[in-house]
1. Find the residue count for region 8-58, including only residues that are assigned to a loop (DSSP other than H, G, I, E, B) and over 21 Å from Q69 (Cβ atoms).
2. Which is in the same structural domain as V135 (by TED's automatic domain parsing) and either surrounded by fewer than 17 Cβ atoms within 10 Å (Cβ to Cβ) or of a type outside the set (D, E, K, R) (or both), of S106, S31, S53?
3. Of the conditions (1) over 28 Å from S134 (Cβ atoms); (2) outside any helix (DSSP H, G or I), F75 clears all except one; give me its number.
4. Write out, first by first residue and then by second, each pair whose Cβ atoms fall under 6 Å of each other, whose residues are 6+ apart or on separate chains, and whose first residue, in region 240-265, is within 17 Å of H211 (Cβ to Cβ) and assigned by TED's automatic domain parsing to the domain that holds V202 while the second is β-branched (V, I, T) and modelled with pLDDT under 90.
5. Could you check region 101-133 and list, in sequence order, the residues that are modelled with pLDDT of 85 or more, under 30 Å from the mean Cα position of the chain (by Cα) and either under 30 Å from Y44 (Cα atoms) or of a type in the set (F, W, Y) (or both)?
6. Within the set of pairs 6+ apart or on separate chains, which have a first residue in region 59-85 that is assigned by TED's automatic domain parsing to the domain that holds F41, a second that is at pLDDT below 85 and part of a loop (DSSP other than H, G, I, E, B), and C-beta atoms under 6 Å apart?
7. As an exercise: evaluate G133 against (1) part of a helix (DSSP H, G or I); (2) within 29 Å of P199 (Cα to Cα); (3) not hydrophobic (A, V, I, L, M, F, W, C) and give the number of the one condition it does not meet.
8. In region 82-129, what count of residues is obtained for those that are out of contact with any helix residue (DSSP H, G or I) (no Cβ under 9 Å at 6 or more places or on another chain), under 30 Å from K62 (Cα atoms) and part of a loop (DSSP other than H, G, I, E, B)?
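The values are calculated or read from the model by the stated rules, or taken from the named source; none is laboratory data. Computed from a prediction, not measured in an experiment: that's the story for all the values here. We place every Cβ from the backbone using ideal geometry, glycine too, and count neighbours over all the protein chains shown.
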Amino acid sequence: MSINKGNFLDVIEVDAASRTGVDGIREIIDSVMYSPNNARFKVYIIDEVHMLSNAAFNALLKTLEEPPQNVKFIFATTEIKKIPATIISRCQKFDLQRVDLNTLTSHLCKICDSENIVYENDAIIQICKASEGSVRDALSLLDQAASLCSDDIKNTTVLNMLGLNGYEKNIDLFELCVLNKCSEALKTYDAIIQNGVQPNQVISNLLEICHLASKMNVIKEEINKDDSYQERISNIAKNNLTKLVNFWQILIKSIEEIRYAPNQEQAGSMAIIKLCYGTLLPDPSTLLKQLSNTQEAKPENVDEVDSPVLNLNEKKKSIEEPASINSKDQTQTKDNPKNFEEMLKLLLINKEALLHAQIINNIHLVSFSQGFIKVRLKIKSDLDILKNLSNTLEKLTKSKWVVSVSEEEGEKTIAEKESLKLEERKNEIRNNPEFSEVFKYFPDAKIISIEDKN
């Protein structure tokens, strides 16, 4: 009891925010040498410990390394990153979690019942939301609300106290944007602004609604029947998650635009217009799929346009993987390959995929003739590749093969040639009129794979 009253001599609380220097810490260091008066330990509680200067931390370090047996230190902070690692490593760390909304609401309701305070459920919920999981802040806000309402806490009074009066208008605005009713949405936005709410606050409220709706869409949590707003937001959550994510991206960007705009009210209006019309565009994958379907649906008597078709659902065949071989070519052959391409095909037919992959990625062909191959190896490539190639060809063709190393430049590797071809095809697609509109509206879109439709 005496600790709660603040007159227990063995519990000393220090406010680090007002005693940030070395002098305040030296007083503590000097006093720790004295034994406790009544308790087993003398306890020093240093609040807002992150406010101490580096010199103060250094002065305290020696005492923390070799503390007296009868002394305990308790450091309290909300910004653990500002505390030096040398201090943290010598302490036990306890993270105090935020109290969830339901638990905090129940706690405040019990307090109101015990104190004979009349309240509306929505008012208590708004207080708990504003406290962001802090019991101390929630109790402080509850005390303010009880004073303002003369122990009869009304939701309207709490909303005014928190600056959230007319919050349901923000939900109305979000619903209109989801339905792409731009004209009505702008009228609602103007009405909110006329009530004295700043444009950046309107966008922040829309961000909160978007976050809650997206979270409900993913988690599918139960609706709190006592929260009149939550049921409306749960209906918004039934929209496509992609649309909600697009809303979030537009709103986040709008916050920055409003900050630097010469007229914030106009910037807010433009944000509402973007919400209503920007989300009408399909996402890149849907648009590309529609374009692909249009390409496939062309009548046979119409001349085909020589343009590749994007397929985002098919993975690009890796140049390291063996190409598919027709079944009639899968029988072994003892004929000598007439060129480099036939040699690579021979390796695939005979299931030498690893050697094939090593060759196409690491060998620059200089010259090729029957029984003789001259190549240049890429830097840091294993010389055993050439030995394996010579032995494998001799085994497959029953002929002697000499594979030698040259300093000549030679051709590009097969992998490099394929990569250049792929980039050329991508450029063709980007410049194709049927797809240029996609990259116009989605500048960050990437071509993942290419598949030719016959």
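1. So the first thing to find is which residues in region 8-58 are assigned to a loop (DSSP other than H, G, I, E, B), and the list is 8-10, 16-21, 32-41, 48, 52-53.
When the remaining residues are screened for being over 21 Å from Q69 (Cβ atoms), the result is 16-21, 48, 52-53.
Looking only at that region, the number is 9.
2. Numbers: S31 fails: in the same structural domain as V135 (by TED's automatic domain parsing); S53 fails: in the same structural domain as V135 (by TED's automatic domain parsing).
Exactly one residue qualifies, and that residue is S106.
3. That leaves (1) as the condition not met.
4. K243/T279; N246/T279
5. Result: L104, single match.
6. P68/V32; N70/S35; N70/P36; V71/V32
7. With (1) part of a helix (DSSP H, G or I); (2) within 29 Å of P199 (Cα to Cα); (3) not hydrophobic (A, V, I, L, M, F, W, C) applied to G133, the lone miss is (1).
8. 4
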